[in-house]
1. Note the full-extension length gain between residue 644 and residue 670 as 0.36 nm times their separation in residues minus their Cα-Cα distance, in nm to one decimal.
2. Which helices, counted as full DSSP H runs in the chain, have an axial Cα extent of no less than 18 Å and a Kyte-Doolittle average of -1.0 or above?
3. List, largest first, the extents of the alpha carbons of the stretch 122-174 along their principal axes, each in whole Å.
4. Hey, what's the stretch 674-794 come to in accessible area per residue, 1.4 Å probe, Å²?
5. Summing +1 for each Lys or Arg and -1 for each Asp or Glu, what net charge is found among the other residues whose Cβ lies under 11 Å from the Cβ of residue 595?
6. Per the helix-only calculation at 222 nm, which mean residue ellipticity applies to the chain, given -39500 (n - 2.57) for every DSSP H run of n ≥ 4 and division by its residues, nearest 500 deg cm²/dmol?
7. So if we plug the beta-carbon distance of residue 254 and residue 134 into 1/(1 + (r/R0)^6) with R0 = 41 Å, what FRET efficiency do we get, rounded to 0.05?
8. Once both labels are modelled 7 Å past Cα along the beta-carbon direction, what's the residue 444-residue 365 spacing in nm?
Amino acid sequence: MSRFLILLLIGCCGWVCVCATPVTGAVRDDRGNPLPYASVWVKGGTRGVTANSEGHYSIDLAPGEHVLVCQYVGYTRQEKRIVVGAGGLKVDFVLSAQQLSMAEVVVRPGGEDPAYAIIREAIKRRAAYADPLDSFTCEAYIKTLMKLRGLPKRVLGQKIEEKDKREMGVDSNGKGIFYLSENLTKIAYKRPDKLKLEVLSGRESGSNGYGFSFPIFINFYKNNVTVLTDRLNPRGFVSPIADGALNFYRYKYLGSFVEDGKEVNKIRVTPRRKYEPLFSGTIEITDGDWRIHGVDLLLSKTSQLELMDTLEIRQIHGPVGSNGAVWQVKNQVVYFTFNFLGIDAVGNFVDVYNNYDVAPKWKRKFFDRVLLKYDTAVNKKTKAYWDSIRPVPLEPDEKVNYIIRDSIYAATRDSVGKAEQRLRFTHAPWWEMVGYNTVEGIDANLWGSFRKKVGGSLMRLEPHVRYGFHNTRLNLWGVWSWKDWWLSGGKRISQFDPDNPIRETWNSIYTLLWGRNYMKVYQNYFTQLGWGKGLENGLRLRANVLYEDRLPLDNTTLYTWAKTSNTRLTPNYPVEKLSGNFLRHQAVITTVGLSYQPGQRYIEFPQRKVAIGSKYPVFSLVYQKGWDGILASEVNFDKWQFTVSDDMNFRLAGRLSYRLGMGGFLNTNSVPIQDYQHFNGNQLVLASEYLNSWQLAPYYANSTTASFYATGHVEQHFNGLLTNKIPPFRQLNIFLVGGANVLYVNSANNYLEVFGGLENILKVLRVDVVSSWMGGHYYQTGVRLGLGGLLKVF
């Protein structure tokens, strides 16, 4: 029976192949130049293809009579009636530049250009066309191509070896295709906001990856247009037909042409001001119903474009469905250029939309929390499959790239697979291997990571070795993790605040150069077992139990390079809270926590799911208990903490980030200093973690065992608002940032700081001026340097 089914399937596939005849050809202008990525489709149908960059196209059609339509932005559309037989057919198109008519247009001196009246009509209908279908499905073919035009010898001091170039697929001059992928994705949409993407097949040159599988939705009917990603401009870009577009753009009527009996108006779009998030180029609007017919729009550095130098968007819109009352994007090409740190690259994203169904039927609960789902055989399709479904013919260099890089990958695949099963080792970065503090003197801190796949999941073992040369103490501990569990134990050095507010590298520098030993540590023998798991409803649970035998440590050296009169070396304990070091004791502590983000969405890969967040805040609750009498434990306390955080993008008005919290102790029978509620302070000129610390506060001055406290962190990232009016700032895309951090325990223990600064300096740096008040009185003003901007860390 199985053999019969296989033969039947082969027979059916063969019948489909026999009944589909390839129609190929080229699209050129009347001078013989190729028209790259022109659209070709069957009139009255839902299937179409796109020519490649050399103007060649290929489409499979059933035998019979068809009308092929060829269209390219700025050129007169052409139709050809063809009869498809059993053999292949060649059909070329020669398009002429559109002859725009201006005969009926009269512009009086000082009068308004006719383009403004057309744009006003388009604006009136914008909202209706932004989301015209209650539901639909379609298929999107996505091809991503990236080419290098040049590479420097070094990037950020790292030399680029010839081996690196070969692995990237480029020649010795650093030129060639370094990324090429194709995807076929099914899109399902239901108003108002239900979306599901199913990746049917994906291919990535030189790997078994899935490729760039997310369609690039660029909707010019939206007031604020997102292009590719918010990273290109967090404020978005103002559509030429946005509600307030007349305040941002100038328009010039270029003329009109007639297509399918419908007049189409072509309008040039020009920004009124530079360094605003605005497009330039042309937009085509149909007369009477005032729809977008096509666009050819450009973004550049003067549009506040980040990352890329230029980005050009070409779209062709057309009717979908049987009656043609609804129009959608049928073809879209996004070209980009990039030149940063000497890396010169160009590329494009081609999206071809086919097989629209404007009255789909779905199974119950079809729309779930999975936004993007990969078929189990997504990257296992044959070359014959791709040749049969590809609506854009490959370029010669793309064919060569696939052949060479895929053959290299096939030759090394077995060795790569075996390597994944072997133990792999990584080690600590060199700057973390040696440090200095007043407790240990010079310390050697070495750690590594052994990783191996076990049962389809990565198992990790991290051994740590630390030795203090002045106090001659050796510490050994390790961490093991697999799936949802982790276990650690041994002998270690820990900061009093378990959030480790001070990085050891910076403490070493401050101690040696300025005589400031801010980091306070103790030694402990410990064992800890933890578990954590995320659920599909957006809930994440975690729990752990910790045993510590805590030993005090004292300074063993006060060596520093700073002048004696300038040093402020203090004992090795939080002097703001203790008059002497703590006594040795044991502690058994359990912690349970949960976090919940409503509307959590996921990407479902063949073997795992990855959470991608949602538009709603994250709510977190943590409860911690110290147990008296278990394993000689001497702690006895209960404390809780609740936080809510979010990151809200108001587009042109900037981005607001906040983190609000409250908590307290329910029981304080025995609370050692390690178990106080600590608040992350910062006494370094380098900024600590934004939205989770107080930039000028002493590290332990506000630590408490109070029954209630409240915290708040708020930041407004203006993302070019206001600074785009200041020439030096707007040219460098430097943005304003401002906000406040507040802590309240009681009338005597409270802290407030407000700050303002500049970020996105050289794409990575941020500088803030911070003023603070403690206990209701002015405390100090300082400057903090951090990472903040396009490539920010915090």
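1. Extra length from residue 644 to residue 670 when fully extended: 6.5 nm.
2. Once both thresholds are applied, what remains is 2-19, 114-130, 396-421.
3. Cα extents, longest axis first: 55, 26, 16 Å.
4. For the stretch 674-794, the solvent-accessible area averages 40 Å² per residue.
5. The answer is +2.
6. Theoretical 222 nm ellipticity from helices: -3500 deg cm²/dmol.
7. 0.70
8. 5.9 nm
The values are calculated or read from the model by the stated rules, or taken from the named source; none is laboratory data. Computed from a prediction, not measured in an experiment: that's the story for all the values here. Cβ coordinates were reconstructed from backbone atoms using ideal geometry, including for glycine residues, and neighbour counts include every protein chain displayed. Note: accessible area is taken over every heavy atom of the protein model, side chains too, but ligands, DNA and RNA are not part of it. Shrake-Rupley method; radii C 1.70, N 1.55, O 1.52, S 1.80 Å.
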